[in-house]
Amino acid sequence: MPGRASRDRERKVANRLHSAAIHLLRRARRTDPLTGVSPAQLSALSVLMSGPRTLGELAAAEQVRPPTMSRLVSEMERAGVARKVTDRNDARVIRVHATRKGLRALSRGRDMRIEAIERLLSELDADDLGTIERAVGTLERLLGERPAPR
C-alpha cells in the first residue's frame, strides 16, 4: 500500500495536472468562435461524431437535462449543423445526426485547437518537447487501461 508521502505527492501532481489541462484547453479553445458554432454545439457535435444519438443519450453524454439538450439541438438544426431523424422502427424515438456542415465545423475547430497547441510546443527546446511527448504517451496508456468515469 502506498504511504502517506506517496499519496500526498500523487494528490499534488493530480492537482497540477488538472489545472494545466484546463488552462491548455482554454487556450486552445480561443479559436472556437472562428468555427461559427457555439462551444456547446461543438461539444455536442463531438459526441455525434461517432454516430447518431437519441436526445436522452446526447443529454447524458453532455451532462445536461433533456430539455436543455432539446433546446440546443433545435439551435443546431437552425444553424444547419445537426438534424433530427425519426427512427424507422419506432416513431417515438428521434435520433440526432451531425450534418456535413457540422462535421466540417468540428474538424475545423479541432484543427485550429491543434495548431494553437502546436504553436505553444514550438516554443520548447528539444528536451522539453521530448518530456511532453513521453508524458502524453504515459497519459494515453493510463487512460487506455481505465474506463472513463460516468
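Within the stretch 89-113, residues that are within 13 Å of VAL47 (Cα to Cα) sit with their Cβ atoms under 6 Å from residues that are in a helix (DSSP H, G or I) and modelled with pLDDT of 95 or more, at 6+ positions apart or across chains, in these pairs: VAL96/LEU58; VAL96/VAL73; ALA98/LEU45; ALA98/LEU48; GLY102/LEU45; LEU106/LEU45.
Is it the case, given these coordinates, that ALA40 is more than 18 Å from LEU103 (Cβ to Cβ) and modelled with pLDDT under 95? So ALA40 does not fit the description; no. Kindly evaluate ARG92 against the criterion of being closer than 24 Å to ARG26 by Cβ, out of contact with any helix residue (DSSP H, G or I) (no Cβ under 8 Å at 6 or more places or on another chain) and either of a type outside the set (A, V, I, L, M) or modelled with pLDDT under 95 (or both). For ARG92, the condition - closer than 24 Å to ARG26 by Cβ, out of contact with any helix residue (DSSP H, G or I) (no Cβ under 8 Å at 6 or more places or on another chain) and either of a type outside the set (A, V, I, L, M) or modelled with pLDDT under 95 (or both) - is not met.
Quick one: is ARG65 surrounded by fewer than 16 Cβ atoms within 10 Å (Cβ to Cβ), at pLDDT 95 or above and either at negative phi or touching a strand residue (DSSP E or B) at 6+ places or on another chain (Cβ under 7 Å) (or both)? The answer is yes for ARG65. Could we say that GLU123 is among the acidic types (Asp, Glu) and part of a loop (DSSP other than H, G, I, E, B) here? Against the criterion (among the acidic types (Asp, Glu) and part of a loop (DSSP other than H, G, I, E, B)), GLU123 qualifies. Taking first residues from the stretch 127-147 that are outside any helix (DSSP H, G or I) and modelled with pLDDT under 95 and partners that are hydroxyl-bearing (Ser, Thr, Tyr) and surrounded by 10 or more Cβ atoms within 10 Å (Cβ to Cβ), no Cβ contact under 7 Å between residues at least 6 apart in sequence or on separate chains turns up.
Taking the listed residues ARG16, ARG53, ARG7, ARG71, the one that is more than 28 Å from ASP111 (Cα to Cα) and of a type in the set (D, E, K, R) is ARG7, with no other qualifying. Kindly indicate whether LEU106 is in contact with a strand residue (DSSP E or B) (Cβ under 9 Å, 6 or more places away or on another chain) and more than 24 Å from LEU25 (Cα to Cα). The answer is no for LEU106.
Of LEU25, LEU58, all but one fail to be crowded, with 16+ Cβ neighbours inside 10 Å and either outside any loop (DSSP other than H, G, I, E, B) or small (Gly, Ala, Ser) (or both); the exception is LEU58. Of VAL85, VAL93, VAL81, all but one fail to be surrounded by 14 or more Cβ atoms within 10 Å (Cβ to Cβ) and of a type in the set (Val, Ile, Thr); the exception is VAL81.
The values are calculated or read from the model by the stated rules, or taken from the named source; none is laboratory data. Since this is a predicted model, take the numbers as computed values, not measurements. Cβ atoms come from the backbone with ideal geometry, glycine included; neighbour counts cover every protein chain shown.
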